[in-house]
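Let me begin by presenting the structure, written as structure tokens, before commenting on it.
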Amino acid sequence: MVIERLAFSGLRNLEPLEMRPQPGINLILGPNGSGKTSLLEGIHVLGMGRSFRTQQLRHAIAHDQPALTLHARLGGDLALGVRRQRDAGELELRLGGERIARLAQLAEALPLQLINPDAFRLLEGGPAARREFLDWGVFHVKHGFMQVWKGVRRALKHRNALLRHDRIDLRSLDSWEHELVRWSEQLDELRQAYMGDFLPVFEETLKELLPLPGLELRYSRGWDRRRPLAEILQQGRDTDRQMGFTQQGPQRADLRIRLKRRPAVEVLSRGQQKLVVSAMKLAQGRVLEAMTGRTCLYLIDDLPAELDAGHREMFCHWLSCLDCQAFITSVEPQALAGHWRPETPVAMFHVKQGRLEFQGDGMKRLHMME
């Protein structure tokens, strides 16, 4: 989905802004602390209902403003809005002029991928980040995911609550374990089917960005694949009760990324890690387009960081080939000069002391910097 217009007010150090981005590449340039990342943050909140910089969205409200208001008009004249008042505890979400209640509706309307320093968590962080990455893909391309995912969460919540009681109601425990098994097996099937679609695209994308013979990305479902989950849950009740939670199940699923049988994070340089996680993100966008006909929006914070000139050029060329919309920040515009295909629309914006200015055709300006 392409953003045709953005309007932000009350967002960190940014002055109230109105932006009409290109459908292709939008370069956001400016010195450190100018507000470039804040602009990406605002788009991320519109698509995800949360910030990638703070867990409390009220901290993103400008100190002298009572509220944060974000608005976007998407292709097809679909309006999307998020408002957070400093004194209110809930977000106000709007889609097509109507108030909505579920964040999933935002995510469905504006599928986006973020490539920033936090993306390294896909390699160096715990399983939670990788599960979130996996489930983003399943949510967007597999019908019925949300119902199944909610079923797992509800059954898991009730089983964990029963485990913490002084005396366990075995009838209730049997009932919720049955529900957990039913929904877990469905979730596992959806995840496995998605990985069957994703892996070939990821391998092709990585080969273009950074050939790494021996790199493996493997899905682990979260419980012993040789045993049925019902048996595992029943036999693990005593140990689960001691721990106070369910130790095996889809809530423990992971993507294991290894290079020649070692964790990839232990082997790869920082620049190589960035290309691997970027290949994962780009591949998800390609799968989304192939399976649904919808395009993914990319937010890329400080693209040149950790990449040499050759890999920057390769990354930009591949992004151009996706025919997607992207918002890319950089301190040094010349670091991205000469890297885009001639037919790719490129717009250049400059942020200085919180003010956004349109600089015109980015291709012409970047060619002048070469």
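The values are calculated or read from the model by the stated rules, or taken from the named source; none is laboratory data. Remember, it's a predicted structure, so these values are computed and weren't measured experimentally. Backbone-built Cβ (ideal geometry, glycine too); neighbour counts: all protein chains shown. Each accessible area value is taken on the protein alone, full model and side chains, heavy atoms only, with ligands, DNA and RNA left out. Shrake-Rupley method; radii C 1.70, N 1.55, O 1.52, S 1.80 Å.
Some values worked out for this structure:
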item: Residues being under 20 Å from Gly285 (Cα atoms) and modelled with pLDDT of 95 or more - total across region 1-20; result: 2
item: Qualifying residues in region 244-262 (those that are of a type outside the set (S, T, N, Q) and without any contact (Cβ under 8 Å) to a residue 60 or more places away in the chain) - the one least open to solvent (accessible area, probe 1.4 Å); result: Leu259
item: Condition met for Arg226 (farther than 19 Å from Ser278 by Cβ and free of Cβ contacts under 8 Å to residues at least 12 places away in the same chain); result: yes
item: Close pairs from region 162-191: first in contact (Cβ under 8 Å) with a residue 60 or more places away in the chain and among the basic types (Lys, Arg), partner open to solvent by less than 60 Å² (accessible area, probe 1.4 Å) and part of a loop (DSSP other than H, G, I, E, B), Cβ under 8 Å, at least 6 apart; result: Arg164/Gly244; Arg191/Arg221; Arg191/Ala253
item: In region 319-347, the residues that are more than 23 Å from Gly285 (Cβ to Cβ) and at pLDDT 85 or above; result: Val331
item: Selection count where residues are out of contact with any helix residue (DSSP H, G or I) (no Cβ under 8 Å at 6 or more places or on another chain) and either closer than 21 Å to Gly338 by Cα or open to solvent by 30 Å² or more (accessible area, probe 1.4 Å) (or both), scope region 271-299; result: 3
item: Search result, residues across region 269-303 that are over 21 Å from Cys316 (Cα atoms) and among the aliphatic types (A, V, I, L, M); result: Met291
item: Count - residues of region 339-357 that are of a type outside the set (Lys, Arg), part of a strand (DSSP E or B) and more than 27 Å from the chain's Cα centre (by Cα); result: 1
item: Strands (runs of 3 or more DSSP E) lying entirely in region 78-149 (those with 3 or more residues that are open to solvent by 20 Å² or more (accessible area, probe 1.4 Å) and without any contact (Cβ under 8 Å) to a residue 12 or more places away in the chain); result: 98-100
item: Residues of region 222-243 classified as of a type in the set (Lys, Arg), open to solvent by 60 Å² or more (accessible area, probe 1.4 Å) and in contact with a helix residue (DSSP H, G or I) (Cβ under 8 Å, 6 or more places away or on another chain), total; result: 1
